[in-house]
Protein chains: 2
Amino acid sequence: MQNLSKNQQIIFDLIDKSPEPLKAYSILFNVQKRGIKAPLQVYRALDKLVEIGKIHKIESRNAFIACQNSSCQISKATAFSICESCEKVTEINNSNLSKYLTGFKDKNGMKYNKYNLEFFGLCKKCISKKS
Amino acid sequence: MQNLSKNQQIIFDLIDKSPEPLKAYSILFNVQKRGIKAPLQVYRALDKLVEIGKIHKIESRNAFIACQNSSCQISKATAFSICESCEKVTEINNSNLSKYLTGFKDKNGMKYNKYNLEFFGLCKKCISKKS
DNA sequence: TTACAAAATGTTATATTATAACAATATAAC
DNA sequence: GTTATATTGTTATAATATAACATTTTGTAA
């Protein structure tokens, strides 16, 4: 695996140490003191980091999270759980699930090479808060 | 099932007769001749139509498609196949898949009440074009 | 059939997310 | 060292989505 460029490293570090998914303009705000001034600089780094699998985009939230799976280099099979109350997002790493979905074939004969799955619900903390 | 309001009906009809997912501002452009002038009017109708399950949002494309499943009223379990070449989107209606995912429990103890799954690949047409 | 509540509409302004286009610089491969 | 590729920098703008407020319509029940 090649090294990250300067901007890529700055932005990856920020996302990687964040406990929650970060949005592009929040990232921009946080890295301005490090010399990254324009949205495009952020989006370019994000695109590359997604491409090489260091981060994932949470599509329903337009936000980015570091890959939790140390062996994941290219993101062809992603699954996340999202708490609709506190917005906590966790990457699901379940081999049964990934086997099932990677092998899934629909009747239309289309062969899939990638998928993204987002589960929504309430996390344990938020369930107990409400009861 | 209650009837749709005027704006909801106009926008649903447009989406329903479209062979491909439609984006909000493309919808806006197409319904201006019918008196819907502002983005918010479109987004409000879209929100409601999604809520009652008449349409789904394709998150990775920011586009909307009519529900293909006649029995689907509330969209708690959605799955789509997306061709990365021609962008054709099809709703997957596979009871094995939906049973598997609806029953899925992760080790974190979170209970899911909704999911959205997007598969990516090449459709039959696009595969044969390339060979 | 009025009155009340809920849903939907209309309108202007603005926030948020993302890319186009072009020039310059750095890095890797040969 | 030269060339190709990736990355950066910069300005402008496109595309997606919501805030806030006023008004009208619709459904429900007294």
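Within the assembled protein chains, the solvent-accessible surface assigned to A:V89 is about 10 Å², based on a 1.4 Å probe.
About its Cα centre, the dipole of chain A is roughly 60 debye, where the only charges are +1 on Lys and Arg Cβ and -1 on Asp and Glu Cβ. Under a Gaussian network description of chain A, with springs only between Cα atoms under 10 Å, the residue in A:D106, A:D47, A:D13 that fluctuates furthest is A:D106.
Considering only alpha-carbon pairs that sit under 8 angstrom and 6 or more positions apart, the relative contact order computed for chain A is 20 percent.
By DSSP, the beta bridges lying fully in the protein assembly as shown are antiparallel in about 65 percent of cases.
For the Cα atoms of chain A, what angle does the longest principal axis make with the long axis of helix A:39-51, in degrees from 0 to 90, nearest 10? Tilt relative to chain A: about 40 degrees. Residue by residue, segment B:55-69 carries 3J(HN,Hα) couplings of 9, 10, 9, 8, 4, 6, 10, 6, 9, 10, 9, 6, 5, 8, 9 Hz when phi is fed to the Karplus relation 6.51 cos²θ - 1.76 cosθ + 1.60 (θ = phi - 60°); x denotes Gly or Pro.
For chain B, find the longest principal axis of its Cα atoms and tell me its angle to the long axis of helix B:6-17, 0 to 90°, nearest 10. Roughly 50 degrees between the two axes.
Between identical copies, the spacing of A:K6 label points, each set 7 Å from Cα toward the C-beta atom, reads 5.9 nm from nearest to farthest.
For B:K111, nonlocal amide neighbours, meaning residues 5 or more places apart or on other chains whose placed amide H falls under 5 Å from its own, are A:L122.
The values are calculated or read from the model by the stated rules, or taken from the named source; none is laboratory data. Everything numeric in this text was worked out from a predicted model, so none of it was measured. Cβ atoms come from the backbone with ideal geometry, glycine included; neighbour counts cover every protein chain shown. Quick note on the areas: whole protein, heavy atoms, side chains included, nothing else; ligands and nucleic acids left out. Shrake-Rupley method; radii C 1.70, N 1.55, O 1.52, S 1.80 Å.
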